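Peer 1: First, the structure itself, so that you have it in front of you.
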Amino acid sequence: MRIIGIDPGYGRLGAAVLESTDHREKLIFSGCLSTDASEPFTIRLLKLGNAFQGWCKKYHPNVLAIEKLFFSVNRKTALQVAEVKGLILYLAAQNRLAVLELAPREVKAMITGYGQADKKQIAVMVQRVLKIKTGRRKIYDDEFDAVAIALAGFLKRRAVIHTSRQF
C-alpha cells in the first residue's frame, strides 16, 4: 500500500509518498513544491494540480492523507489554502484514492506522542522512524509535515483495522 501525504499550501506544498509492507514504512519520495508569488493564483493552482497528477502517475498511491485546515488570523491565506486543498481532494477522487483527513494535533500526537509538538520535534521523529538522511539538501517544514501526515495516515489505518478485528 502507498500513501501520498500532502501538506496543503499555495506558496509551498509539501508532498511525500510512503509505502508499507509488513507494517514497515519506507519513504519513496518527498519534496516541497514552491510557486512564484508574482504569478496569478490560477497559474499557481494549475502548477500544483499538475504536480499532484504527476506524483499519482509516477508513484501510484492508494490513499491520500491530507491535513485538516487550521484557520489562522489571515483569512485570505486560509481561503487560498482551502482552495488548494479542494483541488487536491478533487484530483484524489479523479485518481480513485481513498482519503484520510488528519487534524494537525492528531498528526503531532501520532508521530511524537505529544499533540502540541513543534516542527523540530516532528522532523526529528520522522527522520528517526523512517531513517531519513537529509544530507546537504534544504528540507522545508512543509516537506517534513507531508511525510509526517503520510506516516500518521498509515498509523491511523492500522489502528482502525486493528480495532475492527476485535469485534
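Peer 1: Consider Ser72 against the criteria (1) modelled with pLDDT of 95 or more; (2) not in a strand (DSSP E or B): it satisfies all of them except one. Which criterion is unmet?
Peer 2: It fails just one condition, (1).
Peer 1: So which residues in the range 1-49 are under 22 Å from Ile139 (Cβ atoms), outside any strand (DSSP E or B) and more than 14 Å from the chain's Cα centre (by Cα), if there are any at all?
Peer 2: Of everything in the range 1-49, those that are under 22 Å from Ile139 (Cβ atoms), outside any strand (DSSP E or B) and more than 14 Å from the chain's Cα centre (by Cα) turn out to be Gly11, Thr35, Asp36, Ala37, Arg44, Lys47.
Peer 1: While we're looking at this one, here's another question. For the range 1-18, enumerate the residues that are β-branched (Val, Ile, Thr) and surrounded by fewer than 24 Cβ atoms within 10 Å (Cβ to Cβ). Please lay out each step first, then the result.
Peer 2: First, the residues of the range 1-18 that are β-branched (Val, Ile, Thr): 3-4, 6, 17.
Residue satisfying the conditions is Val17 alone.
Peer 1: Across the range 80-130, what is the total count of residues that are modelled with pLDDT of 95 or more, surrounded by 14 or more Cβ atoms within 10 Å (Cβ to Cβ) and of a type in the set (Lys, Arg)?
Peer 2: The qualifying residues number 1.
Peer 1: Another question, then. Please go through the range 35-54 and give me each residue that is polar (S, T, N, Q) and surrounded by 15 or more Cβ atoms within 10 Å (Cβ to Cβ), ordered by number.
Peer 2: First pass over the range 35-54, keeping only residues polar (S, T, N, Q): 35, 38, 42, 50, 53.
If the condition is that a residue be polar (S, T, N, Q) and surrounded by 15 or more Cβ atoms within 10 Å (Cβ to Cβ), then Thr35 is the only one that fits.
Peer 1: Looking only at the range 50-69, count every residue that is among the basic types (Lys, Arg) and out of contact with any strand residue (DSSP E or B) (no Cβ under 9 Å at 6 or more places or on another chain) and tell me the total. Steps first, please.
Peer 2: Quick first cut of the range 50-69, residues among the basic types (Lys, Arg) only: 57-58, 68.
Adding the requirement that they be out of contact with any strand residue (DSSP E or B) (no Cβ under 9 Å at 6 or more places or on another chain) leaves 57.
Qualifying residue count, the range 50-69: 1.
Peer 1: Working only within the range 104-126, note down all residues that are in contact (Cβ under 8 Å) with a residue 12 or more places away in the chain and under 15 Å from the mean Cα position of the chain (by Cα).
Peer 2: Pro104, Glu106, Val107, Lys108, Met110, Ile111, Lys119, Ile122, Ala123, Val126
The values are calculated or read from the model by the stated rules, or taken from the named source; none is laboratory data. Note that this is a predicted model, so its numbers are computed, not measured. In this analysis, Cβ positions are derived from the backbone assuming ideal geometry, glycine residues included, and neighbour counts consider all displayed protein chains.
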